[in-house]
Amino acid sequence: MSSPIEASRNSHFPNLMSLQSFILREEERYPSAGGDFTWILSALSLAAKSIAAKVRTARIEDVLGEQGGANVHGETQQKLDVIANDILMTCLGNRPSVAVVASEEDEEPTILRRGSQGGKYCVIFDPLDGSSNLDVCVSVGTVFSILRNDPNIPGAAETLQQPGTKQLAAGYILYGSSTVFVLTTGNGVHMFVLDPAIGTFVLVKSNIQIPRAHRSYSVNEAYRHSFPAGIQRYLDWAHQHDYSSRYIGSMVSDVHRILLQGGVFLYPPTKKNPTGKLRLMYEANPMAFIMEQAGGRAVVGSGPEPDRRVLEIEPTGIHQRTSLVIGSPDEVANVLTHLKAS
Ligand code: AHM
Ligand code: MG
């Protein structure tokens, strides 16, 4: 009789590692976790598959376009923003260890259960980042972050206001030409792709390391005239040094490309958004955690301390915004050089 390894070599079925098995294996390293984490990540995986299916059939089901309302930031909500939000709320709401959920789309966080009722974790998410691109079939994404619930803090918003360094896990799902799930639990960055034939996320790359340098920047250059002088100096320098420019306008897609190929993404302060546009807790922190785990950097890129790590910002509100410079370590350093030059 052949050994299991020989059997798998001779098998027609490839030796796949599913997201589920991967998380179970990770959790074995932390026996005190007791399976709760696996349940939360499996809820996120279920939600991701469901949102992916909605995104793929949005035009057929006529759920593209605006919902007819505005979210907490005064921005127009797309129908799919609302659908994705509902899917995540439903999937996470069923998990007994989730204490609080907070969505970029909702003004207030939702308390599902108290610490005394078993609520150990808080999950924060942007259900569909870049959703204004949906009507034209451009990739969009879900971003999430998991924090520990402090049972001694009664207020939901206060429980969530932890710096990014405290994140237990973070990730994003990119609904692109394939559906990609990128995850960190503080032990490297791992990438899974949804195999639609079997309905499972399978591991395609573990321990992703971002290239140290790549001459490419990603910024909405139309706002150049209102960027701080240092960013304008950087762009002049990049033009003189044969950089290429790539901007999808969907942060998850832009940062995913940079994670794999290198480069730098910038969303500096602008006249319209003087403190930056991206949300610290829903967008910047999870991406910064992933980027640092992959050997990259994520800094605020503005103000008196432009090299301040995004992960070290002490949040003062759950919807607060931040400026962001994120990507390959050498490329972030190039931006900082120009920010610091007077
Ligand atoms: P959203 O969360 O409302 O979708 O906004 C965030 C998005 C990011 O995905 C993207 O990088 C940015 O907004 C684009 O903004 P702009 O159109 O100002 O370049
Ligand atoms: Mg967003």
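The values are calculated or read from the model by the stated rules, or taken from the named source; none is laboratory data. As the structure is a computational prediction, the values presented were derived from the model and not from experiment. With ideal geometry, Cβ positions are generated from the backbone for all residues, glycine too; neighbour counts draw on all protein chains shown. Note: areas computed on protein heavy atoms with side chains; ligands, DNA, RNA excluded. Shrake-Rupley method; radii C 1.70, N 1.55, O 1.52, S 1.80 Å.
Within the range 173-200, residues that are over 25 Å from E28 (Cα atoms) and of a type in the set (A, V, I, L, M, F, W, C) reach partners that are open to solvent by 30 Å² or more (accessible area, probe 1.4 Å) and part of a loop (DSSP other than H, G, I, E, B) with beta carbons closer than 7 Å, at six or more positions or on different chains, in the pairs L174/S139. At least 1 residues being in contact with a Ser or Thr (Cβ under 8 Å, 6 or more places away or on another chain) and at pLDDT 70 or above is the threshold, and among the helices (runs of 4 or more DSSP H) wholly inside the range 1-94 those reaching it are 19-27, 36-56, 79-93. Could you check, for the range 104-114, whether at least one of its residues is open to solvent by less than 10 Å² (accessible area, probe 1.4 Å), of a type in the set (A, V, I, L, M) and more than 11 Å from ligand 2 (Cβ to nearest atom)? Among the residues of the range 104-114, not one is open to solvent by less than 10 Å² (accessible area, probe 1.4 Å), of a type in the set (A, V, I, L, M) and more than 11 Å from ligand 2 (Cβ to nearest atom), which makes the answer no. Among the criteria (1) open to solvent by 70 Å² or more (accessible area, probe 1.4 Å); (2) within 11 Å of ligand 1 (Cβ to nearest atom); (3) over 25 Å from I208 (Cα atoms), the one Y247 does not fulfil is (3). Close Cβ contacts (under 9 Å, 6 or more residues apart or on different chains) running from residues in the range 114-128 that are in a loop (DSSP other than H, G, I, E, B) to residues that are within 16 Å of ligand 1 (Cβ to nearest atom) and open to solvent by 10 Å² or more (accessible area, probe 1.4 Å) are absent.
Check whether at least one residue in the range 187-207 is small (G, A, S), closer than 18 Å to L46 by Cβ and open to solvent by 40 Å² or more (accessible area, probe 1.4 Å), and report yes or no. Looking for residues that are small (G, A, S), closer than 18 Å to L46 by Cβ and open to solvent by 40 Å² or more (accessible area, probe 1.4 Å), one finds at least one in the range 187-207, hence yes.
Of the strands (runs of 3 or more DSSP E) that lie entirely inside the range 141-210, those containing 1 or more residues that are of a type in the set (D, E, K, R) and at pLDDT 95 or above span 189-195, 200-205. One residue stands out among those in the range 263-301 that are over 17 Å from the mean Cα position of the chain (by Cα) and either within 15 Å of E331 (Cβ to Cβ) or crowded, with 24+ Cβ neighbours inside 10 Å (or both): the one that is nearest to ligand 1 (Cβ to nearest atom), which is P268.
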